[in-house]
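The values are calculated or read from the model by the stated rules, or taken from the named source; none is laboratory data. If you're wondering where the values come from, they're calculated on a predicted model, not measured in any experiment. Methodologically, a virtual Cβ is constructed for each residue, glycine included, from the backbone with ideal geometry; neighbour enumeration extends over all protein chains shown.
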Amino acid sequence: MRLFVALNLPPAVREAVWAAAAPLRELQLPVNWVRADGVHLTLKFLGEVSDEQEPELLAALAQAAGSGEGASRGIPLALGGFGVFPDLRRPRVVWVGVAPEPALELLQHRVEQAFAPLGFPTEGRPFRPHLTLGRAARDAGAPAFRGLAEALAGLEFAETARVDSLDLMESTLQRGGAVYHVRRSERLD
């Protein structure tokens with residue numbers, strides 16, 4: 001099974017993000033867009049994992065969420081601003097930004113520390129919280145993205161969403177894109 005650790009947004013916020021990004025989808029760019037119900041904040045991608053590892057993964061999830069003594073509380077996520085990784089000349093990921101938040105950074109660090117002993121190395125790149133809206137086709141060149149910079153600049157979206165759980169997610173690749181399913185949720189309070 002293909003797994004990752006994420007924060008899921010309330011449905012109304014996911015729908016608002018999806019609606020705000022509609023002008024980008026209308027450009028007919030060579031981008032595989034995430035479905036509205038799949039918009040989330042990934043904290044750690046685990047990849048292919050065997051069923052036998054699930055008990056230790058669930059224990060790591062609970063540890064990272066801080067279940068029990070000294071537990072975390074829900075985290076406010078300030079969402080806003082659209083952009084691409086790595087840059088507009090070669091966009092690979094289209095995203096909505098998530099403002100830096102000490103509680104979020106601490107949670108992401110705890111996720112890294114909880115899963116590292118299970119054979120999932122800590123991420124070497126700095127944590128840049130974002131909601132992935134779409135991934136560009138690998139073979140698409142710069143000319144295919146004409147108008148993207150202007151469209152991004154013209155979008156406005158700002159919302160704060162509170163997330164109260166840390167989720168172990170399963171990603172199933174299908175013809176129309178990935179479908180995500182919550183395997184386990186741990187409260188952040």
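Here residue 53 meets the list (1) surrounded by 15 or more Cβ atoms within 10 Å (Cβ to Cβ); (2) within 21 Å of residue 172 (Cα to Cα); (3) in contact (Cβ under 8 Å) with a residue 40 or more places away in the chain; (4) under 17 Å from the mean Cα position of the chain (by Cα) almost entirely, failing just condition (4).
Of the residues making up region 82-108, those that are part of a strand (DSSP E or B) and in contact with a helix residue (DSSP H, G or I) (Cβ under 9 Å, 6 or more places away or on another chain) are 82, 83, 84, 94, 96, 98. Listed by position, the strands (runs of 3 or more DSSP E) contained in region 114-184 that have at least 1 residues being modelled with pLDDT of 95 or more, in contact with a helix residue (DSSP H, G or I) (Cβ under 6 Å, 6 or more places away or on another chain) and under 30 Å from residue 59 (Cβ atoms) are 158-163, 165-174. Filtering 82, 157, 145, 115 for residues that are farther than 22 Å from residue 18 by Cβ and of a type outside the set (Gly, Ala, Ser) leaves a single hit, 115.
Residue-level check: of (1) part of a strand (DSSP E or B); (2) within 12 Å of the chain's Cα centre (by Cα), residue 14 misses just (1).
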